[in-house]
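The values are calculated or read from the model by the stated rules, or taken from the named source; none is laboratory data. Keep in mind it's a predicted model, so treat the numbers as computed, not measured. Please note: Cβ atoms are built from the backbone with ideal geometry, for glycine as well, and neighbour counts cover all protein chains shown. Areas reflect the complete protein model, heavy atoms only, side chains present, ligands, DNA and RNA absent. Shrake-Rupley method; radii C 1.70, N 1.55, O 1.52, S 1.80 Å.
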Amino acid sequence: LAKTTQPISMDSYEGQEVNITCSHNNIATNDYITWYQQFPSQGPRFIIQGYKTKVTNEVASLFIPADRKSSTLSLPRVSLSDTAVYYCLVGGGGGSYIPTFGRGTSLIVHP
Amino acid sequence: DSGVTQTPKHLITATGQRVTLRCSPRSGDLSVYWYQQSLDQGLQFLIHYYNGEERAKGNILERFSAQQFPDLHSELNLSSLELGDSALYFCASSKRGQELNTEAFFGQGTRLTVV
């Protein structure tokens with residue numbers, strides 16, 4: 001199972017773009033990269049998933065370089081409600097998939 | 001609303017007791033995962049069921065057990081409860097437990113307090 005490394009915490013201000021980078025040096029060929037968001041006392045919520053290059057949805061963008069050893073979640077123009085913990089997960093390349101969460105990145109958005 | 005329903009939302013019980021947490025997955029989802037989240041341990045994977053069969057075990061104590069029924073709902077049984085078992089317990093479901101990475105949908109959790 002590919003291990004992921006993310007910053008423990010980040011601070012930002014309303015209206016700014018936030019980029020959270022995750023390292024996954026031993027990602028397998030078939031593995032996908034998935035990001036989840038979790039608010040206090042709530043279950044994690046899927047944000048975005050990708051395999052390579054760039055993926056964008058209504059919430060975020062995910063940038064994945066050619067070597068796939070890292071990925072960057074980009075949140076445009078954050079608001080106070082984006083304060084949450086963000087988890088980077090890698091896996092699903094084959095066999096039974098278990099979403100495995102690390103400690104995530106605690107993002108605090110300030111007014 | 002993720003479509004995953006967990007009951008009860010809150011549970012307070014005494015040490016040594018046994019409780020059952022229930023999870024109804026999203027309609028059509030075959031996989032159910034259970035997680036424990038405490039302040040000092042983060043989100044820990046406990047066990048995975050796929051279409052009624054146990055598929056994987058994580059850091060699940062022997063005092064804990066689970067099952068998935070023919071209608072695909074799942075129950076997590078916690079016995080001989082200790083103070084340290086106090087935590088949020090989440091259930092998640094997804095369509096598949098194998099092959100491609102798929103999105104997991106989480107319930108709102110059951111907050112267990114052991115006193």
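Return the long-range amide H neighbours of A:Glu14 (sequence gap of 5 or more, or a different chain), with a cut-off of under 5 Å between placed amide H atoms.
Hits under the 5 Å cutoff: A:His110.
Roughly what % of Cα-Cα distances in the protein assembly as shown sit above 25 Å, to the whole percent?
Tail fraction, whole percent: 41.
Can you compute the charge dipole magnitude of the protein assembly as shown about its Cα centre, using +1 on each Lys and Arg Cβ and -1 on each Asp and Glu Cβ, nothing else charged? Give it in debye, rounded to the nearest 20.
Using only the charged Cβ atoms, the result is roughly 200 debye.
When you look at the Cβ of every residue in A:30-36, what mean number of other chain Cβ atoms sits within 10 Å?
2
So for each of B:66-72, A:11-17 I average, over its residues, the number of other beta carbons within 10 Å; can you give me the resulting order with the highest mean first? Present the calculation step by step, with values, prior to reporting the outcome.
Working: B:66-72: 15.1, A:11-17: 12.4.
Top of the packing list down: B:66-72, A:11-17.
What are the ³J(HN,Hα) couplings of region A:49-58, residue after residue, when phi is run through the Karplus curve with 6.51, -1.76, 1.60 and θ = phi - 60°? Round to Hz, x for glycine and proline.
With the stated coefficients, region A:49-58 comes to 9, x, 10, 8, 6, 10, 10, 9, 10, 6 Hz.
Ignoring ligands, DNA and RNA, please state the percent of accessible area on chain A from carbon and sulfur, probe 1.4 Å. Don't jump to the answer; show the numbers that get you there.
Working: 2810 of 5410 Å².
Answer for chain A is 52 percent, counting heavy atoms of protein chains only.
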